[in-house]
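To start, the structure under review is shown below, and the notes come after it.
Each value in this text was obtained by applying a stated rule to the coordinates, not by laboratory testing. Just so it is clear, the structure is predicted and the values come from calculations on it, not from any experiment. For neighbour counting, all protein chains shown are included, and Cβ atoms are generated from backbone atoms with ideal geometry for every residue, glycine included.
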Amino acid sequence: MEKLQCRQVRSLFFLVIMFVFIRIGEAQSQSFLINCGANSSVNIDGRKWVGDLVRNSNVSFSSTGMAASTDSLSGDSIYEPIYKSARIFKDGLNYTVEVIPGNYIVRLHFCPIPLEDLNVNDSLFGAAANGLKLLSQLSVPGEIAHKNLYLQSSGENASSLSLIKEYVLGIKLDVLVIELIPSEGSFGFINAIEVVPVVDRLFEDTIQKVAGNDMDFNLSGRGIETMYRLNVGGPEIKPSQDSDLWRMWEVDSSYMITANAGVEIRNSSNITYASMNDSSLAPLLVYETARTMSNTEVLEKRFNMSWKFEVDPDFDYVVRLHFCELLYDSANERIFKIYINNRTAANTFDVFARAGGRNRAYHQDYFDAVSSKTYTLWIQLGPDTAAGASGTDALLSGLEIFKLSRNGNLAYVEKYDSAGNSVSRSKSWILWVGIGAGIASAVILAAVFTLVFYIRKNRRDKSSDMKNNSPGWRPLFLHKGIVNSTANAKGTGSQNPNGSTSSTRSGKRFTLAEIRCATNNFDESLVIGVGGFGKVYKGEIEDGSLAAIKRANPQSEQGLAEFETEIEMLSRLRHRHLVSLIGFCEEQNEMILVYEYMANGTLRSHLFGSDLPPLTWKQRLDVCIGAARGLHYLHTGAEQGIIHRDIKTTNILLDENFVAKMSDFGLSKTGPSMEHTHVSTAVKGSFGYLDPEYFRRQQLTEKSDVYSFGVVLFEVVCARAVINPTLPKDQINLAEWAMKWQRQRSLETIIDPHLKGNLSLESLEKFGEIAEKCLDDERKNRPTMGEVLWHLEYVLQLQEAWMHANDRENSFSGCQALAEVEEEREIRNGKEVPTLDEEKSK
Ligand SMILES: *[C@@H]1O[C@H](CO)[C@@H](O)[C@H](O)[C@H]1NC(C)=O
């Protein structure tokens with residue numbers, strides 16, 4: 001009896017406890033950590049990341065999207081275990097999280113991992129949260145590359161492989177819907193989503209405007225993105241050290257202009273928050289270190305401590321500065337000025353006085369609207385001479401920059417002026433790198449399209465008799481040759497095998513019916529390539545010859561602009577080593593290009609990643625020479641040289657006889673004319689092949705192509721991807737890895753094993769030297785394509801002589817053959833690099 005009572009009491013007690021728990025559970029917001037594309041959960045620093053395939057009543061996602069994973073991910077991110085999986089989407093993908101209304105930090109984690117059928121460099125997508133646009137046209141590899149380059153430029157050895165986007169959102173509903181939207185014709189991926197409740201208030205609505213008064217900026221009603229978060233003068237603070245909110249605090253030195261303007265100080269004694277409400281704004285660790293001005297003994301200080309950040313134009317920002325006086329025991333000892341973008345944010349700033357003592361953690365927010373022409377935010381702290389010499393020293397402990405949404409938008413996409421040039425990113429840095437096969441921001445291209453439209457409109461205005469039978473888009477600005485020659489026979493037969501820049505071109509206008517017939521009504525089984533523009537089909541045209549038929553996605557303006565460039569370029573150029581255009585079709589809003597069929601596909605497919613037999617060294621040299629010839633022609637053949645801009649092994653195609661031809665002129669630009677020595681333009685091209693100087697200065701010259709070609713040379717000899725994120729850090733980027741060995745004159749260590757023993761080491765040595773010269777940091781030191789071509793021919797001769805000698809091994813020494821080559825080289829040395837005329841006369 002007693003026992004029974006006891007049991008009843010106990011179960012009642014349990015019920016009460018459970019009830020209390022449930023109530024607490026209901027009342028308190030919880031974190032949601034989603035491990036995308038995974039069917040199991042992973043613990044990191046005591047937090048459980050739940051696989052999105054694990055049943056969870058609070059989290060769900062729309063059924064679209066494929067799971068992807070990799071075993072081999074190297075890198076030192078603490079999030080590595082959750083970065084090994086991702087969810088890929090070609091259509092919109094939604095994650096829905098049931099939350100208690102309130103403020104949340106939302107982090108989207110992206111880490112490009114190798115994907116089976118897709119090139120992760122080609123991904124391009126946007127994101128929104130409960131209708132607030134967070135991202136648009138995001139290229140994750142592009143942003144990572146950009147940030148790494150930026151940090152490297154300040155001497156950091158940066159090689160981050162992942163990207164975390166952080167937002168602070170006030171959620172008014174009881175759901176948070178994160179929408180992920182691929183850009184037209186592309187796809188996206190996501191590795192993890194983190195939703196962390198913010199219990200205390202992080203922002204006040206009313207804050208001080210730079211060079212103005214306190215004002216209500218309705219911060220709680222706007223979406224906020226964290227742009228930068230730095231622990232000034234101290235080490236990196238990891239998420240696990242920032243208990244509730246799991247924020248990451250970077251070191252500040254890489255953002256500082258002349259880092260030695262500030263010295264680091266440290267004091268970890270009993271720091272407390274100046275106001276209890278501030279306790280979640282930053283962990284106390286942030287306040288234990290600071291930067292103060294160097295040379296405090298110098299009476300007259302004539303410098304500022306300055307930090308410089310890239311920001312998106314046309315947004316409002318909150319700059320949050322964290323301070324804690326660690327040295328002085330009274331006010332008036334350290335008084336300074338604060339400038340934000342050259343304007344005074346504060347005079348006579350005295351941390352001790354404001355915080356109410358020493359070791360008191362204190363912060364100050366400033367609101368600043370950044371104009372549409374401003375791409376940087378400078379924060380400077382310097383002496384306030386009015387305060388008298390004794391107190392003029394500055395101090396800063398931490399710094400955060402937040403971007404505020406405008407009209408429901410936080411996303412920023414690079415803008416271009418009417419000429420298609422970037423109007424942005426100061427001279428040295430841009431946010432965007434167009435990545436992958438012709439994939440670039442559709443918005444960039446929309447701008448180009450606008451220009452095209454403008455030109456067309458102008459032309460139409462000028463010539464009202466322009467025939468205009470197609471209401472859809474038509475390549476009106478194309479070279480007359482193509483447009484007017486619709487009745488002509490196909491171009492292949494009449495094609496001049498050598499270079500010619502004559503502007504009258506023959507190109508057949510195909511009907512859509514003919515194209516449908518040739519491709520078996522766009523039969524999927526005939527698809528031989530897919531890119532940002534649409535698909536490429538193998539087809540048989542009426543005379544029985546094979547053709548590659550490139551069909552633009554009609555909705556894709558991106559494809560349109562590039563297509564038109566391509567037709568324009570190809571209609572002006574004919575060369576044995578450039579892929580030739582047979583004709584085109586424009587009917588019912590279709591834009592289709594018909595090229596000669598290249599039976600052996602891309603050079604890349606013969607180097608790695610397929611089952612095709614490896615090419616011999618001689619074959620590889622022949623291909624490189626062919627491609628170099630095509631490029632040399634592009635650079636010098638036309639009246640105004642043409643820069644290809646997207647040289648890579650997937651744009652070098654091989655015909656049935658392994659003759660190399662350059663393709664994909666979608667990104668080409670006409671080269672500098674006499675007055676200018678470069679073309680200033682938005683950075684496009686492919687990650688891994690980009691000329692760093694082009695990246696830095698956005699100035700395009702033929703030497704940018706030479707750089708990319710150098711990378712191709714290394715790719716040909718090493719037979720590996722130019723960027724392989726699955727390799728150890730120092731090997732990821734082929735250009736760096738190969739240069740490292742080449743500089744030590746031991747390139748043979750890393751060459752394709754298939755080549756070992758089958759090539760003349762002397763030829764390899766010369767080959768390595770050429771590639772090395774192409775990759776010279778300084779453009780002026782890089783050879784011209786003509787010089788590259790000539791040297792490659794010499795390499796081929798060395799190899800042929802070696803083969804010859806090997807054939808006759810034992811019966812005849814190879815010395816004579818080599819001597820012959822040397823002799824010939826002497827003769828040629830005296831001559832100039834072969835000119836185009838010489839080539840033509842071949
Ligand atoms: C510090 O920076 C501000 C804003 O750019 C500038 O006006 C001021 O002259 C600088 N002070 C010194 C001592 O260089």
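Couple of notes before you dig in:
- R0 of 25 Å, Cβ-Cβ distance D314-K172: FRET efficiency to nearest 0.05: 0.45
- The length gained on full extension between A353 and S371, counted as 0.36 nm times the residue separation minus their Cα-Cα distance, comes to 3.1 nm.
- Alpha carbon centroid spacing (whole Å) that separates the range 362-379 from the range 200-236: 10 Å
- Candidates per trypsin sites (Lys or Arg not before Pro) in the range 212-321, loop by DSSP, up to 12 other Cβ within 10 Å: R302
- Summarising the label geometry, the points placed 7 Å from Cα in the beta-carbon direction at S605 and S330 lie 8.2 nm from one another.
- Estimated at 0.36 nm per residue, the fully extended path between R55 and I78 surpasses their Cα-Cα distance by 5.8 nm.
- Note on the range 181-273: dipole from Cβ charges, positive end direction compared against I207, S220, V232; the farthest Cα belongs to V232.
- Proxy reagent accessibility, fewest Cβ within 10 Å first, across M569, M66: M66, M569
- Given charges at Cβ of Lys, Arg, Asp, Glu: the range 162-281 dipole, positive-most of P197, S269, I178: S269
- Between S69 and E524, the distance separating the two model label sites (each 7 Å from Cα on the Cα→Cβ line) works out to 2.6 nm.
- The charge dipole of the range 564-642, taken about the Cα centre with unit charges on the Cβ atoms of Lys, Arg (+1) and Asp, Glu (-1), comes to about 660 debye, rounded to the nearest 20.
- Residue-count net charge about S31 - beta-carbon cut-off 10 Å; Lys, Arg +1, Asp, Glu -1: 0
- Cα gyration tensor shape of the range 52-125, rounded if a/c is under 1.5, else prolate or oblate by comparing a/b with b/c: prolate
- Gyration tensor verdict on the range 581-633 (Cα atoms; rounded if a/c is under 1.5, prolate if a/b is larger than b/c, oblate otherwise): oblate
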